[in-house]
Amino acid sequence: MGKLEAAEIIDQHRTFFLTGKTLDPAFRKEQLTSLKGMLKSYQQEIYHALKNDLNKSEYEAFTTELGYLYTDIDFALKHLKDWVSLEKVETPLTHKGSKSYIQKEPYGVTLIMAPWNYPLHLAIAPAIGAIAAGNTVVLKPSELTQSTSTILADMIRSTFDASYFTVVEGAKDVSQQLLEQRWDYIFFTGSTNVGKIVMEQASKHLTPVTLELGGKSPAIVDQDAKIDLAAKRIVWGKFTNAGQTCVAPDYVYVHEKVKLKLLRAMKKHIKSLYGKKPVQNYDYVRIVNKQHFDRLNAFMTDGEIIHGGEINEEKLTIEPTILDKINWDDAIMQEEIFGPLLPVMTFSSLDDLISEMKEMEKPLALYYFGENELKQQKLMLNVSFGGGCINDTLYHLANPHLPFGGVGNSGMGAYHGKYSFDTFSHRKSILKQTTKFDIPFRYPGGRLARAVIKRLMN
Ligand code: NAD
């Protein structure tokens with residue numbers, strides 16, 4: 001794709017947006033309904049693409065990608081009327097006679113850039129918010145999951161007006177062409193490094209951005225935690241999608257007194273969830289490509305493998321693996337792991353751990369396992385991170401009433417449920433003044449104004 005082509009797509013979208021069609025909530029509802037219908041009718045092709053790209057089973061594809069989208073669309077359809085309605089706010093006494101409200105207006109022409117790890121869900125979920133808020137959408141899927149990218153392009157082309165919702169496929173060069181254009185909003189999901197490029201490019205046009213990035217999200221297991229349950233929930237959160245989940249626990253910090261118990265329980269749960277030979281398992285999710293496979297493999301020389309460690313180079317699968325004797329100097333602790341390797345480290349004092357966490361980059365998620373409410377509150381109050389759970393992993397992102405997003409290095413802005421609509425809407429403040437009377441002291445020069453100002457100044 002050349003510069004001209006990118007500019008042409010945006011021109012067409014802008015022309016469409018300026019017709020005002022998307023301002024009508026009925027139009028938005030129609031589009032959301034078409035989106036749901038599209039996903040339903042392409043369901044088999046979607047399963048096939050996700051199997052091809054990441055070896056996802058139909059069960060995993062439904063529970064981690066498609067199912068969420070159906071729920072998200074239904075939620076938006078149900079609440080859209082409320083979301084678009086004028087939000088009345090109070091007016092102070094000094095503004096007597098006037099009324100104030102906030103009107104939510106679409107930004108206009110939006111760009112959504114998606115990563116490969118949940119290639120369908122992370123492409124369509126932001127689009128639901130963009131459509132609900134009345135924007136047009138240009139979607140750039142990840143080139144690393146080519147089958148899903150192709151099916152996204154095909155189904156969106158056959159369902160939507162190309163000037164309203166378009167998929168542009170391609171690699172880095174295509175992203176760069178797109179980023180040079182003037183957008184009204186950019187929603188990016190991906191790595192922190194590329195997030196910085198997106199923000200830099202957006203700044204040239206003062207385009208607002210949402211950046212959904214990654215980071216090293218800890219799971220902290222305290223000595224009073226229900227260890228077996230903690231182990232089960234960590235294993236599930238870590239190894240779903242073979243660890244290629246932005247909010248997966250990256251590593252475990254366990255209280256030294258319960259370490260052995262936790263390790264034993266985690267091994268047991270890995271076996272019961274993935275069987276004795278996960279890399280041979282027909283439905284075990286694979287690593288997205290050889291480059292990531294090699295990157296992860298290299299980490300296995302860090303510390304000591306106490307569970308797993310088996311790989312299948314042909315299938316690009318890596319067994320759920322637990323690594324012990326890890327410290328912060330190891331290569332595995334220098335970047336987000338994004339794979340089925342779980343380093344375990346110990347702590348002896350939660351206060352010391354909190355001080356350590358406060359010095360680190362803010363992660364996308366944090367999970368704390370422990371029964372003591374004061375300790376829970378202390379950690380939540382003192383450590384900054386995007387979002388997380390007490391006594392669970394991942395579950396927070398499936399609650400549409402919670403905003404989902406990062407902070408600091410893990411991103412900015414948030415979405416899901418109404419927050420998706422808000423993210424893609426400008427909040428326009430309107431004051432409607434009365435013409436029935438006119439308060440004199442607001443104008444300079446009058447005797448009354450002088451008296452009021454004098455009183456206020458004393
Ligand atoms: P990535 O940053 O490499 O790619 C994301 C998108 O950016 C792709 O569409 C890609 O084509 C494009 N891109 C890549 N390099 C570019 C460049 N130099 N200039 C312009 N565009 C470029 O990310 P990824 O590898 O696809 O995804 C993994 C990362 O995404 C992890 O860090 C993960 O934590 C993060 N992630 C975050 C969330 C979230 O919701 N916060 C969700 C999933 C993944």
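The values are calculated or read from the model by the stated rules, or taken from the named source; none is laboratory data. These numbers come from a predicted model, not from an experiment. Using ideal geometry, Cβ is built from the backbone for each residue, glycine included, and neighbour counts are taken over all protein chains shown. Remember, those area values only see protein heavy atoms, side chains included, never the ligands or the DNA or RNA. Shrake-Rupley method; radii C 1.70, N 1.55, O 1.52, S 1.80 Å.
Things to note:
- Filtered by the rule that a residue be under 21 Å from the mean Cα position of the chain (by Cα) and charged (D, E, K, R), the stretch 67-116 gives 72, 74.
- The one condition from (1) within 12 Å of the ligand (Cβ to nearest atom); (2) part of a loop (DSSP other than H, G, I, E, B) that residue 182 does not meet is (1).
- Remark: pairs (first residue in the stretch 168-192, in the same structural domain as residue 425 (by TED's automatic domain parsing) and more than 12 Å from residue 140 (Cβ to Cβ); second residue outside any loop (DSSP other than H, G, I, E, B) and more than 7 Å from the ligand (Cβ to nearest atom); Cβ separation under 7 Å; 6+ apart in sequence or on different chains) = 180/3; 180/201; 184/109; 184/110; 185/110; 192/409.
- Identity of the residue in the stretch 214-260, among the basic types (Lys, Arg) and open to solvent by 10 Å² or more (accessible area, probe 1.4 Å), that ends up farthest from the chain's Cα centre (by Cα): 257
- The strands (runs of 3 or more DSSP E) falling completely within the stretch 347-458 include none with 2 or more residues that are farther than 30 Å from residue 75 by Cβ, within 13 Å of the ligand (Cβ to nearest atom) and open to solvent by 20 Å² or more (accessible area, probe 1.4 Å).
- Tally of residues being near the ligand (Cβ under 9 Å from one of its atoms) and part of a helix (DSSP H, G or I) across the stretch 168-179: 7
- Test: residue 123 is farther than 26 Å from residue 20 by Cβ, of a type in the set (Gly, Ala, Ser) and in contact (Cβ under 8 Å) with a residue 12 or more places away in the chain: yes
- Complete set of residues in the stretch 39-54 that are surrounded by fewer than 20 Cβ atoms within 10 Å (Cβ to Cβ) and of a type outside the set (Ser, Thr, Tyr): 39, 40, 43, 44, 45, 48, 51, 52
- Residue match in the stretch 252-262 (condition: assigned to a helix (DSSP H, G or I), within 16 Å of the ligand (Cβ to nearest atom) and touching a strand residue (DSSP E or B) at 6+ places or on another chain (Cβ under 9 Å)): no
- Note on the stretch 126-154: among residues that are more than 13 Å from residue 187 (Cα to Cα) and assigned to a loop (DSSP other than H, G, I, E, B), the one that is farthest from the ligand (Cβ to nearest atom) is 134.
- Filter result for residue 308 (more than 16 Å from the ligand (Cβ to nearest atom), buried (at least 20 other Cβ atoms within 10 Å of the Cβ) and more than 24 Å from the chain's Cα centre (by Cα)): yes
- Every pair of residues 6+ apart whose Cβ atoms lie under 6 Å, when the first sits in the stretch 48-68 and is farther than 17 Å from residue 282 by Cβ while the second is open to solvent by less than 10 Å² (accessible area, probe 1.4 Å) and part of a helix (DSSP H, G or I): 49/148
- The residue that is farthest from the chain's Cα centre (by Cα), among those in the stretch 189-207 that are crowded, with 18+ Cβ neighbours inside 10 Å and part of a loop (DSSP other than H, G, I, E, B), is 207.
- Selection status of residue 233, assigned by TED's automatic domain parsing to the domain that holds residue 342 and either within 12 Å of the ligand (Cβ to nearest atom) or assigned to a helix (DSSP H, G or I) (or both): yes
- Look at (1) open to solvent by 20 Å² or more (accessible area, probe 1.4 Å); (2) in contact (Cβ under 8 Å) with a residue 60 or more places away in the chain; (3) more than 12 Å from the ligand (Cβ to nearest atom) and you find that residue 157 fails only one, number (2).
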